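First up is the structure itself, then whatever we jot down about it.
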Amino acid sequence: MLALVFAGVAVPDRILYIANMSDEQTISNSTKSAVEKVLRDRLGQAGFSGADIRADRDSDGDPILLVDVRYAYSDRPISSKLTYGLSTEVRKALSALGETRFPHIRHHFDEQQKIAS
């Protein structure tokens, strides 16, 4: 049996697929639309003003989607309960499209925004 040396490790002779990094960095319009729809539906009453969605890698090197959610300032405190289960809902919408990257959601509020627990 032949072995290939890949990154200093001997790998038995077989076909290896190494994903093209540019493929992993591509985010389809349908993926962006699905994420934005869930965010708008769930967070609209909390002042959702948009989201930046980009491909990245987690600390283990796995491909992920970074979702930075922005909010407009509101005089009313925002309930933290609005975000409960949000990542699960986003993952379901992504899964329906065949998207396997895990969404990491980060919330960006105005510095003066009050949050109700």
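The values are calculated or read from the model by the stated rules, or taken from the named source; none is laboratory data. Just so it is clear, the model here is predicted, and its values are computed rather than measured. Note that we place each Cβ from the backbone using ideal geometry, even for glycine, and neighbour counts take in every protein chain shown. Each accessible area value is taken on the protein alone, full model and side chains, heavy atoms only, with ligands, DNA and RNA left out. Shrake-Rupley method; radii C 1.70, N 1.55, O 1.52, S 1.80 Å.
Can you pull out the residues in segment 40-56 that are in a helix (DSSP H, G or I) and either in contact with a Cys (Cβ under 7 Å, 6 or more places away or on another chain) or farther than 15 Å from Glu89 by Cβ (or both)?
Matches in segment 40-56: Gln45 only.
Quick one: count up the residues across segment 60-81 that are at pLDDT below 95, open to solvent by 60 Å² or more (accessible area, probe 1.4 Å) and either of a type in the set (Gly, Ala, Ser) or not in a loop (DSSP other than H, G, I, E, B) (or both).
Selection size over segment 60-81: 1.
Within segment 82-104, take every residue that is of a type in the set (Ser, Thr, Tyr) and modelled with pLDDT of 95 or more and give me the one that is nearest to Ser33 (Cα to Cα).
The qualifying residue nearest to Ser33 (Cα to Cα) is Ser95.
List pairs: first in segment 86-101 and under 18 Å from Phe48 (Cα atoms), second assigned to a helix (DSSP H, G or I) and not charged (D, E, K, R), Cβ under 9 Å, 6+ apart or cross-chain?
Pairs that qualify, where the first residue is under 18 Å from Phe48 (Cα atoms) and the partner is assigned to a helix (DSSP H, G or I) and not charged (D, E, K, R), are Leu86/Val38; Leu86/Leu39; Leu86/Leu43; Glu89/Val38; Val90/Ala34; Val90/Val35; Val90/Val38; Val90/Leu39.
From the set of residues in segment 1-54 that are of a type outside the set (A, V, I, L, M, F, W, C), farther than 30 Å from Phe109 by Cα and open to solvent by less than 100 Å² (accessible area, probe 1.4 Å), which is modelled with the lowest pLDDT?
Only one residue tops the list, namely Asn20.
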